1. Can you tell me how many residues in the range 69-88 are crowded, with 18+ Cβ neighbours inside 10 Å and assigned to a helix (DSSP H, G or I)?
2. Would you pick out the residues in the range 53-78 that are of a type in the set (Val, Ile, Thr) and more than 23 Å from Gln32 (Cβ to Cβ)?
3. Could you look through the range 114-129, keep only residues that are of a type outside the set (A, V, I, L, M, F, W, C) and assigned to a helix (DSSP H, G or I), and pick out the one that is farthest from Arg40 (Cα to Cα)?
4. Among the residues of the range 98-113, count how many are part of a helix (DSSP H, G or I) and either under 10 Å from Ile35 (Cβ atoms) or touching a helix residue (DSSP H, G or I) at 6+ places or on another chain (Cβ under 8 Å) (or both).
5. Restricting to the range 23-68, and then to whatever is of a type in the set (S, T, N, Q), outside any loop (DSSP other than H, G, I, E, B) and in contact (Cβ under 8 Å) with a residue 24 or more places away in the chain, can you tell me which residue is surrounded by the most Cβ atoms within 10 Å (Cβ to Cβ)?
6. List pairs: first residue in the range 70-86 and under 12 Å from Leu47 (Cα atoms) and of a type in the set (Val, Ile, Thr), second residue assigned to a helix (DSSP H, G or I) and modelled with pLDDT of 95 or more anywhere in the structure, Cβ distance under 7 angstrom, at least six positions apart or on different chains.
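The values are calculated or read from the model by the stated rules, or taken from the named source; none is laboratory data. Small disclaimer: the values here were computed from a predicted structure and weren't measured. Glycine gets a Cβ as well: all are built from the backbone with ideal geometry, and neighbour counts include every protein chain shown.
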Amino acid sequence: MGETERRDDLENGPVRLPEQSLLDLSDYLAMQRAIGNEHRFRILSLLVDEGAHSASELADQLDADSNTLHYHLDKLVDVGLVANRKRKEQTSEGLYSYYQATSLGEGVLEHGVRELIREEWDLLDAYGE
């Protein structure tokens, strides 16, 4: 099936996922719902733009309290947009926990909300005052 045919399927009929897809439609919709929350959008944007951060670094940069931040981080992790990683630090006895955007997270952000914002700017440039 060619790219044009796949695009037509998405625009004009029921959504058909690739036969070997690892995700189903409900997974994709859950990702869209997750990114539709402003807190989660800002968290994912920061992780995509600046790379991995610990929860305390995220809380400081986003001016968010710990409970709210962890609630939203858990949602992003649950749908696969963010990964929680742990590593042993040479200077400490425990594990260092940090969060990073997954490739799905980068894709959803870049080809979703950000693309719409870029298109709006393009339209304003073309037709604005």
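1. The total comes to 5.
2. none
3. Kept after step one, since they are of a type outside the set (A, V, I, L, M, F, W, C), are these residues of the range 114-129: 114-115, 118-120, 122, 125, 127-129.
Keeping just the survivors that are assigned to a helix (DSSP H, G or I) gives 114-115, 118-120, 122, 125, 127.
Details: Arg114: 14, Glu115: 17, Arg118: 20, Glu119: 22, Glu120: 22, Asp122: 26, Asp125: 29, Tyr127: 32 Å.
It comes out as Tyr127.
4. 7
5. Just the residues of the range 23-68 that are of a type in the set (S, T, N, Q), to begin with: 26, 32, 37, 45, 54, 56, 61, 66-68.
Next, only the ones that are outside any loop (DSSP other than H, G, I, E, B) stay: 26, 32, 45, 56, 61, 66-68.
From what's left, in contact (Cβ under 8 Å) with a residue 24 or more places away in the chain: 32, 45, 68.
Working: Gln32: 12, Ser45: 17, Thr68: 12.
Per the criteria, the residue is Ser45.
6. Sorted first by the residue in the range 70-86, then by its partner, the pairs are Val82/Leu44; Val82/Leu47; Val82/Leu73; Val82/Leu76.
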